[in-house]
1. Which residues' amide hydrogens lie under 5 Å from the amide hydrogen of Ala205, considering only partners 5 or more residues apart or on another chain, with H built in the peptide plane?
2. Which residues' amide hydrogens lie under 5 Å from the amide hydrogen of Arg49, considering only partners 5 or more residues apart or on another chain, with H built in the peptide plane?
3. Just for the Cα atoms in the stretch 1-67, what are the lengths along the principal axes, largest first, rounded to whole Å?
4. Give the carbon-plus-sulfur fraction of the accessible surface of the chain in %, rounded to a whole number; probe 1.4 Å, heavy atoms of protein chains only.
5. Given a 1.4 angstrom probe, what's the average accessible area per residue across the chain, in square angstrom?
6. Amide H to amide H under 5 Å from Val12: which residues, 5+ apart in sequence or cross-chain, H placed 1.01 Å off N in plane?
7. When the Karplus curve 6.51 cos²θ - 1.76 cosθ + 1.60 is applied with θ = phi - 60°, which whole-Hz ³J(HN,Hα) does each residue of the stretch 126-138 get, with x for Gly and Pro?
8. Give the shape of the stretch 82-124 as rounded, prolate or oblate, defined through the alpha-carbon gyration tensor: a ≥ b ≥ c are the square roots of its eigenvalues, a/c under 1.5 means rounded, and otherwise the shape is prolate if a/b is larger than b/c and oblate if not.
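The values are calculated or read from the model by the stated rules, or taken from the named source; none is laboratory data. These numbers were taken from a predicted model, which means no experiment stands behind them. In this analysis, Cβ positions are derived from the backbone assuming ideal geometry, glycine residues included, and neighbour counts consider all displayed protein chains. We work out accessible area using only protein heavy atoms, side chains counted, and drop any ligands, DNA or RNA first. Shrake-Rupley method; radii C 1.70, N 1.55, O 1.52, S 1.80 Å.
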Amino acid sequence: MTDQPAAESTTVIELDLWGDLTCPYSWIVKRRVEAAVHGFERPSDVTVRLRSFELDPDVAVGGGVPVREHLSVRHGGDAGAGHLMNARASELAEADDLVFDWDRAVRANTFDAHRLCALAGEMGGPALRGAATERFHAAHFGEGLALDDHEVLQRLAAECGLDERRVSAVLASDEYADHVRADEQQARSLGVTATPFMIANGYAAVTGARPTDDYLALLRGVATQSV
């Protein structure tokens, strides 16, 4: 059903969405926000800016520890606790046609992958950054690929349409590290300690994973200045 006040509004909406590439809820919320924008009365007036955030920046590069094993250790050897956490995320993701293969997923340091997302944003704007983010999520959760392996990142970035030579140059340097750190610093200034986190037009904040209708209501509320 069309919301007439939102349809008649001229308010431009900017959504800043912080997420980590190995965070299941970040992928879920990305999909739901995209669905909400698609269902909004004026989707062309909404810009979604994906922002970088590392939930665990101290993860060793190349560790390749299975997520299941890590969660078991983290919970004092209780494999059931980790299984329950994964099951909750998987159940929530079913509505968004996302499948998490927890038997294959491995922990990874996401800093370099975030740098490539920043490169994608510079090369092709929000659309290309969104495509890169989507590909990295799928690689981690569905294919068991390590997002801190440069050969993997090189291939995934090429699949998204990023220039292979630029990707190689970025991975061989510290380019776009400042972009990632700036996103994280901005998040910290807002009090963000976990993902996903979204803020609309700089004032309307939403944490955690909400139903798509909640994000649509947020868009309409910001458009009509009723939130």
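1. Residues meeting the criterion, in which the H sits 1.01 Å from N, are Ala200.
2. So Arg49 has HN proximity to Leu15, Asp16, Leu17.
3. 52, 20, 13
4. 50
5. 48
6. Residues meeting the criterion, in which the H sits 1.01 Å from N, do not exist here.
7. x, 5, 6, 5, x, 5, 5, 4, 4, 5, 5, 4, 4
8. oblate
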